[in-house]
Amino acid sequence: MSRTPRALAAVSLAVAASLAVTAAPAGAAPARFTPGAPGAGDPYFPDMGNGGYDVAHYDIGLRYDPATKGIQAVTKIKAAATQDLSRFDLDFLGPLKISSLTVDGQKASFTRTGAQELVVTPRKGLRKHRHFTVTVAYSGVPQTIDDPTLGTSGWVPTPDGAVMLNQPFGAATVYPVNDHPTDKATYTFTLSAPEGLTTLANGDLRSTRTKGGWTTTRWDVRNPMASELAMLAIGKYDVLKGRTGARVPNLTATDRAMAIKPADAKKFHDQTAEVTDFESARFGRYPFTSTGGIVVKAGVGYALETQGRPVYDLGRRPGSIPSGSLLAHELGHQWFGDAVSPAKWADIWLNEGFATYAEWLWAEHAEGTPVQQNFDGVYATPADDGLWKGKVADPGRDHIFDGLVYDRGAMAVHVLRTTIGDGDFFRLLKAWPAAHRYGNASTAEFVRFAERLSHKNLDGWAKAWLYSEGKPSL
């Protein structure tokens, strides 16, 4: 992401539901069913995510009505139990009203508790490893989240529609979800809006049809995706399609409310392709089935690395398109943050530090500005400046989107480069996202990986640049 600067209520359910014992296969012990955890255990966002199951696929059917600014939706969730489950939670935030909820086609009881918990109790316990499908039908106007430190996210109205921006926890405002980066899944979006409005999402456009004044598009995301990286946009857009020089499908869209000239829209499209190929040469094979981007007028003031198709909000600058530097940052995230996502939100420097470094690499390539010059410019910040407060590898909840992880993260990357040498460093830029593609990884795992690749002890580098406060000496 590029930015400008749940306590849970206790759930009172019958003991029999949480400690049910059912018949087991001959010779096996009876199953003891217990509730799934109401959180994924992330210290920064303890209410985000849930335990007891793993999602494989989300199928989201959503119809947008501009007259009410609301939606009618059905989300089907295919998952597998990771324990013997008596009940489980989904994250679902805001005023959307549920009209029906089933588990494997049978009506299930549910209750909404705390800030964002949807607690589901199926008719029978779900044995460990069992695959099951949850289908939730709901409607209403989704909530927009305005957090004083994390900014605006979730369902964000635009002049002629809306855009969904989920980092860090906005997905739960639009669909029921296991909302933590560690539970990645594939997606299908089926989006309907009145004829004349464009509907966009991550992934590959599979079909478009118009009937009875409504246009429906279907999008497939075939590579696992964290919920915070899912996006959709509805409104009046001009869309360009093509391929990069390396033949990666490329789809870009520009919001007509931004009054972007056709030539500039084409420039945005072409430079997206150029940057994608540039970074593929340095970071390895492009990890997704298509690239692209969407310029939107949403008033959020940031860009977001939504998987395969970043979203760029350029504020109050009509006619503007993203700079090459901003493209390099958000597209760099496709390897660092999207293909490989953090194990916990404390590890976000692995997203932002590398994406900022991608900016520096692009500046050297496109503008002739040496990476060292960018490093020196940031390092010159006085030692008593707030930039040097906090730890890069544990910035705290309120600092996951500021210079502590962006600028100091990029500096840490550069010092790693000078420590292990260019040969090992550029091998590392490809080997790391390839080794953890479509998964998650922590700071500690990264340090160990870099040590194995370079055959160097990096304890000193990690202590000074990742795990300590203050301005490190050179």
- Message: Give me a comma-separated list of calculated 3J(HN,Hα) values for segment 125-130, in order, Karplus coefficients 6.51, -1.76, 1.60 applied at θ = phi - 60°, integers in Hz, x for any Gly or Pro.
- Response: x, 9, 5, 4, 6, 6
- HN-Hα couplings for segment 82-98 via Karplus (6.51, -1.76, 1.60; θ = phi - 60°), in whole Hz with x for Gly/Pro, come out as 9, 7, 6, 9, 8, 7, 8, 10, 10, 7, 7, 10, x, x, 4, 9, 7
- Based on the alpha-carbon gyration tensor of segment 341-467 and its eigenvalue square roots a ≥ b ≥ c, which shape applies: rounded if a/c is under 1.5, prolate if not and a/b is larger than b/c, or oblate? rounded
- Item | Estimated vicinal HN-Hα couplings, Hz - segment 330-341 in sequence order (Karplus 6.51, -1.76, 1.60; Gly, Pro = x) | 5, 6, x, 4, 4, 8, 9, x, 9, 5, 10, 9
- Query: Looking at the P(r) of segment 47-235, how many percent of alpha-carbon pairs lie beyond 29 Å?
  - Reply: 18
- Mind checking which lysines have their C-alpha under 19 Å from K97, skipping anything on the same chain fewer than 8 residues away? K69, K76, K107
- Note on the structure: Using alpha-carbon coordinates alone, the radius of gyration and Dmax of the chain in Å work out to 22.8, 71
- Message: Can you order the peptides 120-130, 225-235 by their average number of other Cβ atoms within 10 Å per residue, highest first?
- Response: 225-235, 120-130
- Note on the structure: Excluding residues fewer than 8 positions from K389 in its own chain, the lysines with Cα under 27 Å of it are K344, K463, K471
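Give the peptides 423-435, 334-346, 183-195 in descending order of average Cβ contacts within 10 Å, highest first.
334-346, 183-195, 423-435
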- Mean ellipticity per residue at 222 nm, deg cm²/dmol - from DSSP H runs of n ≥ 4 across the chain, formula -39500 (n - 2.57): -7500 deg cm²/dmol
- Message: What does DSSP give for the chain in terms of the percent of beta bridges that are antiparallel, rounded to the nearest 5?
- Response: 80
- Taking Cα pairs closer than 8 Å and at least 6 residues apart, the relative contact order of segment 341-467 in percent is 35
- Message: What's the ranking of 33-41, 321-329, 173-181, 378-386 by average number of surrounding C-beta atoms within 10 Å, highest first?
- Response: 173-181, 321-329, 33-41, 378-386
- Message: Longer than 24 Å from Cα to Cα, which of K128/K184; K184/K297; K211/K267; K267/K297; K184/K267; K236/K261 are they? Say none if no pair is.
- Response: K184/K297; K211/K267; K184/K267
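Quick note: the coordinates plus some simple rules give every number you see, no bench work behind them. This one's a predicted model, so the numbers in the text were calculated from it and none came from an experiment. Positions of Cβ are generated from backbone atoms using ideal geometry, with glycine treated the same way; all protein chains shown enter the neighbour counts.
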